[in-house]
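Working notes for the structure below.
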């Protein structure tokens, strides 16, 4: 395997010189190993795209051979180009063998017919001259004017020119010898020959000319290449009108040397007897022939076989490679089909990928398709992580958790709302006002105490009055201290409830952000589902789901991180206000306590009153200062609670919204749970940039991502009729899969051997139907012009068509029934029809032109006499033409063998049944029917007379 890898390295290094790209092998591309390395490890495939760059296939083969000369194993290059090249070689070899055998056969037959050595040589020389001139002209047209040329071009020219050219020469030389036997001078004999047989030949060539000219209307290049016969018969006609009479004039009777017999063909007994029977019993004869021909028409079937590889066998490298692949990988793997989709815009996005994957799945389900690989399934298998069903499992689980979280948040916010509702935030402002009054009263009290202190210090003589005043102050202080304690306790409770509420709302806010993110992700998946599966867009459940997710997204639109931060800032301010208020209340309580102690001391001794009141005044100042700070803290608290109160007022709306969200999430989850079986492709944006997936896009998409391909491996032989039917199904499936999607305007088509063969099958069927009508009508018109009568041309045309269908029935019976082939070679029906009709009409014209030479005779007598005199010539011509086609059978090409059998069968049926029996019978039939009806009429008249006598 290491040495094989070295060889593959050399190929990869020489890609530009070899003109190859997209090289895939199991060594450098491990993921393709299962497709390119056989299970037994004995066969390895390397796939690449070939650009011929104007080179011949043989030259490309040599370039590969130069780089693989040290390969440790045998290797073969195959593909459509290599197979066609080998098929061309096989066809050329077959034509060369056939041409040699044709010349030998014609020489032998002409020697037997004319008992001469000169006649065969002259005939072959004249036809060879026409052939060489025709090939020279055709070569110029091919080179300069793009004239259609195929592997069958030369073969057709050889067969037609040597076949009919020899037939015409037999007719001319026979008539010339007959005229000489009548004692006519050479010049007169030549003139009489061309006046009769020459005219017949001219009409015959016109029919061949028209028949093959009709091929120009064909779609198939192989059929159009048959137009070269038009050039050939035109040159042949010129040769017959110029060179042949010159040879007759120069050689005279020596043309038939060493034969001494100067007479022409003797009357043919078979044709004479056959025509006599047909004329004598036309109804029986025609009925029997119709019974013989009818099954061929009724049971006609047109099963074509395009198996080029089968025709080549294992004789050529390209076909041997295909057979090896079929043996080790399966027949379909050897030549897979490729579906190509071209879009106006790049397809490297999820919406387009989903459509491509949907088509991939549809193709996989077609009967006859074994495996489908595409950009979404590079190994022919689904990438499970890129499908909605897999992703829905995560989403539905997340939504379930989200729904539970929303329910918890709702419960927590209800608690917070209740606590927030129990707090009377309107009293905070009253507390601020009360604290301000307390501060003012405390300031007045301090001023009064200072005066008392001054009075005592100055020796006041009203001690009782002072004592009463101090008692009153002490009482007021006790009441103030109690009020401050109560205020402090209320602040504590409010702060605790506020802290618990804050914790709940912060959890709710963060959870709502999570819900918002989950809903956004769900919206993306729902949109992707609609794009990739257009059918669900009309589903009411899907529409309800889409509307619900949009409503949920809209309801949470105002929940933003910025809004949460602002709310947190207000919360922090409020918390700071609570702290400041509690600190100041503590200080105030301490100050009031010290004041009470000082007043007690004042009561115990006025002497010490001054000192006590001094301490009281000092503490009163501290209390007053604390009250000022407390007022400031209360104002901050009022400000914070004012903003937060608005939030509290809306908590009920939030709770109702959360209830709707929870219900919506539940319904959404129920619907999404149904989608867990939905195999819809959905690729995240980040996956599109993944290097492994990029390799798949590089392999299955063009650089601009506007063209993609899907590789389809068929289950059956790529050339089989089953595969052709499968290609039709593939084309219909792709067109249907693109409709109504983002790729609805994309163009599509299928390439590959099976697809090409299928297209060719349709083209050939259309060409056969079209050419059949054109050629039949053309031949009928020529016959009407030549014979100048209506019914005989109709009978002759019917005979030609009958001969063709009989030939097809015979080869179908042989190759399909006896040998078990799936069909006959694709080009056999078409060329068989053209050749049988165009050449068969020659023999009809031979017969009818002789028939017209006896206008004075009864038609029945004239046809019998014409049959006797032309029968021998026609049989000789059929033997020559049939023998020419028989030389194709040893060519080794199934196509040529089938064509030979079909043409020979048609000519034999025409020569020995239809022309000697059917045509004379049809000519005599009207008179026979008229006689029957007239006899019946006479019989009826006699019966009427007898009845009248009675």
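The values are calculated or read from the model by the stated rules, or taken from the named source; none is laboratory data. These numbers come from a predicted model, not from an experiment. Cβ atoms come from the backbone with ideal geometry, glycine included; neighbour counts cover every protein chain shown.
If I ask for residues that are surrounded by fewer than 15 Cβ atoms within 10 Å (Cβ to Cβ) and in contact (Cβ under 8 Å) with a residue 24 or more places away in the chain, which ones from the range 42-54 would you list? Once the filter is applied, which keeps residues that are surrounded by fewer than 15 Cβ atoms within 10 Å (Cβ to Cβ) and in contact (Cβ under 8 Å) with a residue 24 or more places away in the chain, the range 42-54 yields 42, 49, 51, 52, 53.
Scanning the range 144-188 for residues that are part of a helix (DSSP H, G or I), farther than 30 Å from residue 252 by Cα and free of Cβ contacts under 8 Å to residues at least 60 places away in the same chain yields 144, 145. What do you reckon, is residue 338 surrounded by fewer than 23 Cβ atoms within 10 Å (Cβ to Cβ), over 19 Å from residue 744 (Cβ atoms), within 17 Å of the chain's Cα centre (by Cα) and not assigned by TED's automatic domain parsing to the domain that holds residue 894? When the stated conditions are applied, residue 338 passes them. Apart from one condition, residue 77 fits all of (1) part of a strand (DSSP E or B); (2) modelled with pLDDT of 90 or more; the exception is (1).
Please work out if residue 245 is out of contact with any strand residue (DSSP E or B) (no Cβ under 8 Å at 6 or more places or on another chain) and modelled with pLDDT under 90. Criteria not met by residue 245.
What pairs can you find where one residue is in the range 816-836 and farther than 12 Å from residue 897 by Cβ, the other is in a strand (DSSP E or B), and their Cβ atoms are less than 6 Å apart, with a gap of 6+ or different chains? Matching pairs, first to second residue: 822/305; 823/304; 823/305; 826/304.
Any residue at all in the range 815-827 that's assigned to a helix (DSSP H, G or I) and over 29 Å from residue 218 (Cβ atoms)? Looking through the range 815-827, at least one residue is assigned to a helix (DSSP H, G or I) and over 29 Å from residue 218 (Cβ atoms). Here residue 862 meets the list (1) surrounded by fewer than 22 Cβ atoms within 10 Å (Cβ to Cβ); (2) assigned to a helix (DSSP H, G or I); (3) in contact (Cβ under 8 Å) with a residue 60 or more places away in the chain almost entirely, failing just condition (3).
Residues are listed down the side, and each one gets a yes or a no for (1) within 24 Å of residue 828 (Cα to Cα); (2) surrounded by fewer than 20 Cβ atoms within 10 Å (Cβ to Cβ):
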| site | (1), (2) |
| --- | --- |
| 84 | yes, yes |
| 88 | yes, yes |
| 94 | yes, no |
| 102 | yes, no |
| 114 | no, no |
| 130 | no, no |
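Inspection of the range 229-236 finds a residue satisfying the criterion of being within 42 Å of the chain's Cα centre (by Cα), in contact (Cβ under 8 Å) with a residue 60 or more places away in the chain, buried (at least 18 other Cβ atoms within 10 Å of the Cβ) and within 22 Å of residue 776 (Cβ to Cβ). Starting from the range 7-20, take each residue that is outside the structural domain of residue 67 (by TED's automatic domain parsing) and list its partners that are at pLDDT 90 or above, counting only C-beta distances under 6 angstrom and pairs at least six apart or across chains. Pairs that qualify, where the first residue is outside the structural domain of residue 67 (by TED's automatic domain parsing) and the partner is at pLDDT 90 or above: there are none.
Exactly one residue out of 828, 801 is within 19 Å of residue 773 (Cα to Cα), in contact with a helix residue (DSSP H, G or I) (Cβ under 8 Å, 6 or more places away or on another chain) and surrounded by fewer than 23 Cβ atoms within 10 Å (Cβ to Cβ), and it is 801. Of all residues in the range 889-903, those satisfying the criterion of being without any contact (Cβ under 8 Å) to a residue 24 or more places away in the chain and more than 38 Å from the chain's Cα centre (by Cα) are 889, 900. Take the conditions (1) touching a helix residue (DSSP H, G or I) at 6+ places or on another chain (Cβ under 7 Å); (2) part of a helix (DSSP H, G or I); (3) touching a residue at least 60 places away in the same chain (Cβ under 8 Å); residue 784 misses just one of them, which is (3). As a summary of the residue check, residue 731 satisfies the conditions (1) in contact with a strand residue (DSSP E or B) (Cβ under 9 Å, 6 or more places away or on another chain); (2) over 27 Å from residue 163 (Cβ atoms); (3) in contact (Cβ under 8 Å) with a residue 40 or more places away in the chain except for the one numbered (3).
Being at pLDDT 85 or above and part of a loop (DSSP other than H, G, I, E, B) is not true of residue 62. Filtering 217, 256 for residues that are under 21 Å from residue 118 (Cα atoms) and touching a helix residue (DSSP H, G or I) at 6+ places or on another chain (Cβ under 9 Å) leaves a single hit, 256.
Here 720, 702 are screened, and the one residue that is free of Cβ contacts under 8 Å to residues at least 12 places away in the same chain and either out of contact with any helix residue (DSSP H, G or I) (no Cβ under 8 Å at 6 or more places or on another chain) or farther than 16 Å from residue 342 by Cβ (or both) is 702. Based on this model, can you work out whether residue 867 counts as surrounded by 24 or more Cβ atoms within 10 Å (Cβ to Cβ), assigned by TED's automatic domain parsing to the domain that holds residue 108 and closer than 24 Å to residue 277 by Cβ? The answer is yes for residue 867.
Residues in the range 29-41: is at least one outside any helix (DSSP H, G or I), in contact with a strand residue (DSSP E or B) (Cβ under 7 Å, 6 or more places away or on another chain) and surrounded by 13 or more Cβ atoms within 10 Å (Cβ to Cβ)? Looking for residues that are outside any helix (DSSP H, G or I), in contact with a strand residue (DSSP E or B) (Cβ under 7 Å, 6 or more places away or on another chain) and surrounded by 13 or more Cβ atoms within 10 Å (Cβ to Cβ), one finds at least one in the range 29-41, hence yes.
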